[in-house]
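Read through the structure below, which is laid out as structure tokens, and then see the notes.
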Amino acid sequence: MRPKTAELIQLPTLPLPPTASHFTSPAPAGPLHAQIKHRLRAGILDGSYAPLSQLPSESELGATFGVSRITVRQALGDLQKEGLIYTLQGKGSFVSRPKAFQNVSHLMGFAESMSAMGYEVLNQLLDLRFIPAEPDVARRLQLAEGELVTEIRRVRLLNREPVSLEVTYVSEALGRKLAQADLVTRDIFLILENECGVPLGHADLTIDATLADEELASALRVREGAPVLHIERLTHDAQQRPVDYEHLYFRADTFQYRLRVDRQRPQEI
């Protein structure tokens, strides 16, 4: 028995404001749930559905598109996997808040970068102390093991919401100067350059993922075990000397790092 050829069905348009041109354009051919996902995704990306706004219910979407709730649920599940929506038990589906991002193509402090994009940046200073350098910290900063270093712990707040926990290590001498500076509203980078006379040159970054332990969960207001973006950064001054060693832990649901990579073709032989 020969299988039937799949029948392509044209979905009806979803009633939305006149500016929602994506919703009146034809959806790409494919399974019904993929067509619904395309229509909803387009409306989210063009602003027809504002961040944190509620989407129509599964039954409303099913009636609009003439499909079953199972099909609608599959489309919403795909959007949730993409991070475009989230669900609240018993309340429905909502549009996710766009993630803030920092471009790492240039060496900039967090506040320096985010303030330029219109965000309010504040820091919660958790601790500043002078401790013996552990082997890894001593090696990174090219100090003797056990030599005093400064450890600074700050929660970075973006529009009053916690985004990252920043653990910074600098020499004792630099730490004494940082202890007298404004660590609540300013970047350590700017303080090093403008008040400590340390022009910065470059930084080496390592990016990976980890899970929130009890300290991270409390600082970032996430559940213990939630995914966290981990950045290890070693910053050097203009003379190539390491001056600032950091562990940065970002909420994966609200922040992302971006970079541009240009292709360099191998020279032809």
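Of note:
- Residue that is assigned to a strand (DSSP E or B), under 22 Å from the mean Cα position of the chain (by Cα), among the charged types (D, E, K, R) and surrounded by fewer than 17 Cβ atoms within 10 Å (Cβ to Cβ), where the choices are 232, 246: 232
- Restricting 121, 104 to residues that are touching a residue at least 60 places away in the same chain (Cβ under 8 Å), in contact with a helix residue (DSSP H, G or I) (Cβ under 6 Å, 6 or more places away or on another chain), surrounded by 14 or more Cβ atoms within 10 Å (Cβ to Cβ) and closer than 23 Å to residue 191 by Cβ narrows the list to 121.
- From the list 167, 163, the one residue that fits, being outside any loop (DSSP other than H, G, I, E, B) and buried (at least 19 other Cβ atoms within 10 Å of the Cβ), is 163.
- Residue list for the range 61-82, restricted to those being loosely packed, with under 13 Cβ neighbours inside 10 Å and not aliphatic (A, V, I, L, M): 66, 81, 82
- Put simply, of 209, 217, 238 the only residue that is surrounded by 13 or more Cβ atoms within 10 Å (Cβ to Cβ) and in the same structural domain as residue 162 (by TED's automatic domain parsing) is 217.
- Residues in the range 174-226 that are more than 18 Å from residue 141 (Cβ to Cβ) and β-branched (Val, Ile, Thr): 184, 185, 207, 210, 222.
- Only one of 216, 157, 190 that is closer than 18 Å to residue 102 by Cβ and part of a helix (DSSP H, G or I): 190
- Residue list for the range 83-101, filter: among the aromatic types (Phe, Trp, Tyr) and crowded, with 16+ Cβ neighbours inside 10 Å: 94
The values are calculated or read from the model by the stated rules, or taken from the named source; none is laboratory data. Note that the coordinates shown come from a computational prediction; the quantities given were computed from them, not determined experimentally. Note that each Cβ is placed from the backbone with ideal geometry, even for glycine, and that neighbours are counted across all protein chains shown.
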